[in-house]
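Take a look at the structure set out below.
What follows draws every value from the coordinates through simple rules; no lab data is involved. Please read these numbers as outputs of a predicted model, since none were measured by experiment. Methodologically, a virtual Cβ is constructed for each residue, glycine included, from the backbone with ideal geometry; neighbour enumeration extends over all protein chains shown.
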Amino acid sequence: MLTTLRTFASLYRELGLRWLLFRSAYAFRLRIGLLRLQMPMGEWADYEKYIANKPARVSEGKAKLPERVSWNPQTAIEEAERVLNGELKYFSHQFVKTGFPPSWHKDPVSGLTIAPHKHWTEYSDDTAADIKFIWEPNRFSFAYTLVRAYAATGDEKYPQAFWTLVEDWAHHNPPNTGPNWMDGQEIALRLMAWTFAYRAFLTSPSSTPERLARFKLYLAAQVERIYRNHSFAVSSHNNHAVTEAFALWMVGLLFPELKHAAKYLAFGKASLEHEARAQIFPDGAYSMYSLNYHRFILHIYLFAIQLSKIYQLPFTDHLTTSVAKSIEFLAHLIEPQTGQMPLYGSNDGALVLPLNNCDFTDYRPLLQLGWYVTKGERLFEPGPWDEDVFWLCGEKALTPSPSPIGRRESAESPSLGGKGVRGEGETSFPHGGIYLLRGANSKAFIRCTRFAARPSHADQLHVDLWLGGQNIAIDAGTYLYSGEGHWRNGLARTSVHNTVTVDGKDQMTLLSRFTWTNWCKGKVLRHDKDVWQGEHDGYKPVSHKRTVMALEGDRWLVIDTIDADEPHRYSLHWLLNDFPHEQKDHGVILSVGESRYKVQVGMTKGNGSFSVVRGDPNSTRGWRSKYYGHKEPALSVRLEAVQPQVTFWTFFGFEDDAVEAAGNELKINSKPYLVCTEKTFPSTRDTKVTKFLAT
């Protein structure tokens, strides 16, 4: 009982009374069947009354590729052929044999099938089968591939395949029936893909009047389902609200022949504006604390901005400015030669606009598109990341910018608006909780925030380290939301991140797969050219402070000071990329290209237990996931100690670097560093700073 009261108190404190009342009322409506009455099961013909006698909007019709493009159209053709052969690309990474058409209610990985004949409110999204594997083909992401192949070849088999799949889906998923009606966001993504293909295939002989008429019924039923339950998405305070709002706005804009088109258009626009204010922080960071979900909503907003330009229905300056700041924010984080980003926060494999040949982990297509949409010029030189720009902005956008002002040469040099501050060696995004330090050819990404929205992972003070474009100290990613045992969103836990855990606990309380309570508060104590220091209160009364130092020649020093009045089990953890390695002197030597890079850990006082694990088959330790549903081994380095106070140190450098530890003094290549860890200072707690002085 006491635990329940504490949970409610935490939810009230962090999400508010309005959220608690809405969710309680929604659960009651769900239990008594009121939602089933409001959105009943039925037939497609029931929605003929939603089609008004209005003229349809003229759409674009078939797109044709320019004679010369900076990407390889053959890749889309090959992928489209695999679709026709019954292979679909799951989570923008791995092809799965599903058949053509696929079984819309089957998880092809586990082999489990969900019975499709109940009302959508009677299903759970947390079952033995990961519902995302069932939803994935129902998003119709492959429709974009068919459009791209059609533009390259003009072959009518691609629009014919699209209509075959749409009709088969409609036959097996009547209105409000089955698991594919459960989630408004899934419906919205499907409508986006359908509408994109509908406009591209409009002049195809396969797009018969009968098919076009039925398509309007399919739209009407699904957009009405979104409209009637949109308040639930809004209560989630996440990308669901953005996706659903866009679908309402898009359908209202492009299909005025629907009876309630004007209502959808106005409601969707207001919701898009509201969510931009609520979810995009002033420094351009995103409130879900996830880079993949940040890309997700930016694809939607960029698509919306382009459509608004075409139809001369502009959004407010605040929305467009927020999107521009977000693009600038991500431009600071990207590795420009590879397009890679840190695996920050939840990653469910979603890619809203799969319109290019780049890998899922490559963010250059997004930044190229975003830079052009918000600034009218391209950030990068021509490459396969240009294809998104073509599809949303037209052939003219492929012409090199007349005044690039150097921005295309490197994503490391954008001028930053808002509250992000770029210095010679540091960059700060305090709202998003991301801080950067830079060495000559390396950089550290540090996470520390006072959460203003629902946390994604329990990862305060986590550090990613990059050297020469290679991610050395890495984030584990996500892998699965609904896996069995420890794989039930297990990579969201503190123990897999590059930080310190106390007594094996998380920094916050995990109430469900996605809901953390008792949010810990991070605080930055210092951030300048070479040093960052912060702390968090997730283990109070135990305190944890971390200092990150950029040393000369791409060497790094990380100090963790943990204080308590009684002994605890402290565990320092680093997850390292799976480079060839050898274990040596409480550390590992990594072969990174031609370099031999050293990662060494230690303590200033006491004895610790050191271990290195690669891909533990019985736990989440030593794994990373770059793509949803796919994991690969990584190197887990751990140093544990049981004592009241501990000061851990971690050195990142090169094989020949000499590191000697004696008490509070650390010598690196004979240069002494004094680690002052006094517990009591004459000043206030806010100014208690662990000092690192090169003597």
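Between ILE51 and LYS259, the built amide H atoms are under 5 Å apart, and every one of these is 5 or more places off in sequence or on another chain.
Of all lysines in the structure, the ones whose alpha carbon falls short of 21 Å from that of LYS396, not counting any fewer than 8 places away in one chain, are LYS62, LYS64, LYS309, LYS375.
Annotation: amide H of SER92 has no partner in the under-5 Å range at sequence separation 5 or more or interchain, hydrogens built in the peptide plane. The percentage of C-alpha pairs in region 334-373 whose separation is greater than 14 Å is 49%. The largest-to-smallest principal axis extents of the Cα set in region 302-372 are 35, 24, 23 Å. Here ALA56 and SER512 are evaluated by their C-beta separation; at R0 = 60 Å the FRET efficiency comes out at 0.85.
Quick one: grab the alpha carbon gyration tensor of region 521-596, order the square roots of its eigenvalues as a ≥ b ≥ c, and give me rounded if a/c is under 1.5, else prolate or oblate depending on whether a/b is larger than b/c. In terms of gyration-tensor shape, oblate.
Here's how it looks for LEU343: its modeled amide H is under 5 Å from those of ASP475, which are all 5 or more places away or on a different chain.
Sum up the charges of everything whose Cβ sits under 12 Å from the Cβ of VAL642, counting Lys and Arg as +1 and Asp and Glu as -1, but leave VAL642 out. Please list the in-between numbers first.
On the way: positive: ARG569; negative: ASP503, GLU566, GLU640.
For residues surrounding VAL642, the net value is -2.
Using only Cα atoms and rounding to the nearest 10 degrees, what angle (0 to 90) does helix 317-333 make with the longest principal axis of the chain? Between helix and principal axis, roughly 50 degrees.
Taking only the C-alpha atoms of region 280-417, Rg followed by Dmax gives 13.8, 38 Å.
Length available on full extension from ASP530 to ARG23: 0.36 nm per residue minus the Cα-Cα distance, which gives 177.9 nm. Listed by chain and number, the aspartates and glutamates placed with their C-alpha closer than 19 angstrom to that of LYS598 are ASP464, ASP475, GLU552, ASP554, ASP560, ASP578, GLU582, ASP585, GLU655, ASP656, ASP657, GLU660; residues fewer than eight positions away on the same chain are left out.
Counted by Cβ distance under 13 Å from SER103, the other residues give a net charge of -1, where Lys and Arg count +1 and Asp and Glu count -1.
Across region 282-290, computed HN-Hα scalar couplings (Karplus, 6.51 cos²θ - 1.76 cosθ + 1.60, θ = phi - 60°) run x, 8, x, 6, 10, 6, 8, 6, 8 Hz from first to last residue, x flagging Gly and Pro.
Using the crude model of +1 on Lys and Arg Cβ and -1 on Asp and Glu Cβ, and no other charge, please compute the dipole size for the chain relative to its Cα centre, in debye to 20. Can you show the working numbers first?
Numbers: 78 positive and 75 negative charges, 379 e Å.
Dipole size: approximately 1820 debye.
What is the Cα centroid distance between region 558-578 and region 195-263, reported in whole angstrom? So the separation of the two Cα centres works out to 51 Å. Residues in region 669-675 carry Karplus couplings, in order, of 6, 6, 8, x, 10, 9, 9 Hz; the curve used is 6.51 cos²θ - 1.76 cosθ + 1.60 with θ = phi - 60°, and Gly or Pro positions show x.
What shape does region 103-248 have by the C-alpha gyration tensor, where a ≥ b ≥ c are the square roots of the eigenvalues, rounded means a/c under 1.5, and otherwise prolate means a/b greater than b/c and oblate the rest? Mind showing how you got there, number by number?
On the way: a/c = 1.82, a/b = 1.46, b/c = 1.25.
Verdict is prolate for region 103-248.
Phi angles of region 446-461 translate, via the Karplus equation with coefficients 6.51, -1.76, 1.60 and θ = phi - 60°, into HN-Hα couplings of 10, 10, 6, 8, 9, 4, 9, 8, 4, x, 9, 10, 8, 10, 4, 6 Hz per residue; Gly and Pro are given as x.
Under the rule a/c < 1.5 gives rounded, and otherwise a/b versus b/c splits prolate from oblate, where does region 480-694 land using the Cα gyration tensor?
oblate
Computed with the Debye formula from one identical point scatterer per Cα of the chain, without solvent, the log10 of I(q)/I(0) at q = 0.06, 0.09, 0.11 Å⁻¹ comes to -0.36, -0.81, -1.17.
What is the angle, in °, between the Cα long axis of helix 17-32 and the longest principal axis of the Cα atoms in the chain? Nearest 10 is fine, range 0 to 90. That helix lies at roughly 50 degrees to the long axis. Applying both filters, DSSP loop and at most 15 other Cβ atoms within 10 Å, to the trypsin sites (Lys or Arg not before Pro) of region 597-663 gives LYS605.
Separation of region 22-49 and region 119-137, taken as the distance between their Cα centroids, equals 18 angstrom.
Treat each spin label as a single point 7 Å out from the Cα along the C-beta direction, and report the GLU381 to ALA658 distance in nm. Each label point is offset 7 Å from its Cα along the Cβ direction, giving 4.4 nm. Near ARG29, once Lys and Arg are set to +1 and Asp and Glu to -1 for all other residues with Cβ below 15 Å from its Cβ, the sum equals +3. Taking DSSP loops as anything outside H, G, I, E and B, show the longest stretch in the chain free of GluC sites (Glu not before Pro) there with at most 12 other beta carbons within 10 Å. Result for the longest clean stretch: 68-423.
Using r as the Cβ-Cβ distance of LYS263 and ASN441, and R0 as 51 Å, what FRET efficiency do you calculate, to the nearest 0.05?
Values: r = 55 Å, r/R0 = 1.09.
That pair, LYS263 with ASN441, gives E of 0.40.
Partner lysines whose Cα lies under 17 Å from the Cα of LYS54, excluding those fewer than 8 positions away in the same chain, are identified as LYS216, LYS259, LYS263.
Hey, with R₀ at 60 Å, roughly what FRET efficiency would ARG13 and VAL109 work out to, going by the Cβ-Cβ distance, to 0.05? The partial results should precede the final answer.
Values: r = 39 Å, r/R0 = 0.65.
The value I calculate is 0.95.
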